[in-house]
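Here is the structure we will look at.
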Amino acid sequence: MTLTVASWNVNSIKARLPNVLDWLKEAAPDVVCLQEIKTIDEGFPREEIEALGYNVETHGQKTYNGVAILSKFPIEEALPRLPGDDEDDQARYLEAVIAAESGPVRVASIYLPNGNPAPGPKYDYKLAWMERLRRHAQTLLAYEEPLILAGDYNCIPRDSDCWDPAVWADDALALPDTRAAFRALKWLGFTEAFEQVDGRGHQYTFYDYQAGRWQKGHGIRIDHLLCSPQAADRLEGVDIHTRTRGKEKASDHIPIVGSFAL
DNA sequence: ATGTCGTGCTGCGCACGA
């Protein structure tokens, strides 16, 4: 059996619904982690997506942020919010246990803070959020089960993951502290799926709407799948569905899809 | 240097976030 797990920042589920439905029909992933749904739970187009055979869990918020998990398999438990700061009211984290045929698979949909402008309070929030994620991920790894942390990490891991490092040198997505925090998370024992099975530079998951970035091929790779050893051991491939970016009313992000022998 | 989207109301143009 192959289990496919995707991550896609849709930049508003309401504005993107036709594109999302088309892609779900074409790609038919088993599990989808969505980010930036930009709606409260009650506004999520649940029926349209359930009609394609998905179970739906959402952790929504008005206007900003919001994450969701879609699954063709039952969702056994769903845990909104990243532990570690009860004052944090931004909807950026949703974790769920999927009852896959091979057994439980834990997934999280992650919308990591952008952090610009840096330095400043938004960058401080980003780094604090990354440390909270690291601590929680450490707890999850101890379960020793297939675990995939899927999302928009707002982190360009390497210079070769953007078209021009000079443009990004002072940006919150590429600053040394951001990269160090991402590595600290990974070094707990995660495998970054694309890096493991492909690893080429200049394979992008985001092209800004501005400045003709898509037309010029000026992208960045910021959407990632982090796999526990039990998931990484079953990892068979990763695809970036670049053609979604060329459609009418496209999201600025592109879906990334991991295939697992699970 | 600029560029584009999406949201929501201080609402039919603007501010904000990305």
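The one condition from (1) away from DNA strand B (no atom under 16 Å from the Cβ); (2) closer than 30 Å to residue A:3 by Cα that residue A:112 does not meet is (1).
Residues that are under 18 Å from the mean Cα position of the chain (by Cα) and under 16 Å from residue A:1 (Cα atoms): which strands (runs of 3 or more DSSP E) entirely in region A:210-262 hold 2 or more of them? Before you say what the answer is, go through the steps one by one.
Details: elements: A:223-227, A:235-240, A:256-260.
Qualifying strands (runs of 3 or more DSSP E): A:235-240, A:256-260.
Of all residues in region A:32-64, those satisfying the criterion of being within 14 Å of DNA strand B (Cβ to nearest atom), of a type in the set (D, E, K, R) and outside any helix (DSSP H, G or I) are A:36, A:38, A:62. Once region A:21-31 is narrowed to residues that are surrounded by 15 or more Cβ atoms within 10 Å (Cβ to Cβ) and in a loop (DSSP other than H, G, I, E, B), the residue that is farthest from DNA strand B (Cβ to nearest atom) is A:30.
Within the span defined as region A:224-242, one or more residues are within 16 Å of DNA strand B (Cβ to nearest atom) and within 26 Å of residue A:129 (Cα to Cα).
Of all the numbered requirements in (1) within 16 Å of DNA strand B (Cβ to nearest atom); (2) among the small types (Gly, Ala, Ser); (3) out of contact with any Pro (no Cβ under 8 Å at 6 or more places or on another chain), residue A:7 misses one, and that requirement is (3).
Out of all the residues in region A:73-85, is one or more among the small types (Gly, Ala, Ser) and either more than 20 Å from residue A:244 (Cβ to Cβ) or within 14 Å of the chain's Cα centre (by Cα) (or both)? Break it down into steps so the answer makes sense when it comes.
The first filter runs over region A:73-85 and keeps only residues among the small types (Gly, Ala, Ser), leaving A:78, A:84.
With the extra rule that they be either more than 20 Å from residue A:244 (Cβ to Cβ) or within 14 Å of the chain's Cα centre (by Cα) (or both), the set shrinks to A:78, A:84.
Checked region A:73-85: at least one residue is among the small types (Gly, Ala, Ser) and either more than 20 Å from residue A:244 (Cβ to Cβ) or within 14 Å of the chain's Cα centre (by Cα) (or both).
Against the definition (assigned to a loop (DSSP other than H, G, I, E, B) and surrounded by fewer than 23 Cβ atoms within 10 Å (Cβ to Cβ)), how does residue A:117 come out, yes or no? Break it down stepwise before answering.
Working: assigned to a loop (DSSP other than H, G, I, E, B): yes; surrounded by fewer than 23 Cβ atoms within 10 Å (Cβ to Cβ): yes.
Yes, satisfied.
Each residue in region A:146-156 was checked for being away from DNA strand B (no atom under 16 Å from the Cβ) and in contact with a helix residue (DSSP H, G or I) (Cβ under 6 Å, 6 or more places away or on another chain), and 3 pass. Helices (runs of 4 or more DSSP H) fully within region A:164-203 that include at least 3 residues being touching a residue at least 60 places away in the same chain (Cβ under 8 Å) and surrounded by fewer than 18 Cβ atoms within 10 Å (Cβ to Cβ): none found.
When residue A:18 is tested against (1) within 11 Å of DNA strand B (Cβ to nearest atom); (2) surrounded by 14 or more Cβ atoms within 10 Å (Cβ to Cβ); (3) in contact (Cβ under 8 Å) with a residue 60 or more places away in the chain, just one condition goes unmet, and that condition is (2). Within region A:169-185, if we keep just the residues that are touching a strand residue (DSSP E or B) at 6+ places or on another chain (Cβ under 8 Å) and within 21 Å of residue A:8 (Cβ to Cβ), the residue that is nearest to DNA strand B (Cβ to nearest atom) turns out to be A:173.
Screening residue A:215 with (1) within 11 Å of DNA strand B (Cβ to nearest atom); (2) out of contact with any Phe, Trp or Tyr (no Cβ under 8 Å at 6 or more places or on another chain); (3) closer than 30 Å to residue A:128 by Cβ gives one miss only, at (3). Somewhere in region A:138-154, is a residue in contact (Cβ under 8 Å) with a residue 12 or more places away in the chain, over 30 Å from residue A:71 (Cα atoms) and not in a helix (DSSP H, G or I)? No, because not a single residue in region A:138-154 is in contact (Cβ under 8 Å) with a residue 12 or more places away in the chain, over 30 Å from residue A:71 (Cα atoms) and not in a helix (DSSP H, G or I).
Read the figures in this text as sums done on the coordinates, not as results from a lab. The model shown is predicted, which means the values in this text are computed figures rather than measured ones. So basically every Cβ, Gly included, is an ideal-geometry build from the backbone, and we count neighbours across all protein chains shown.
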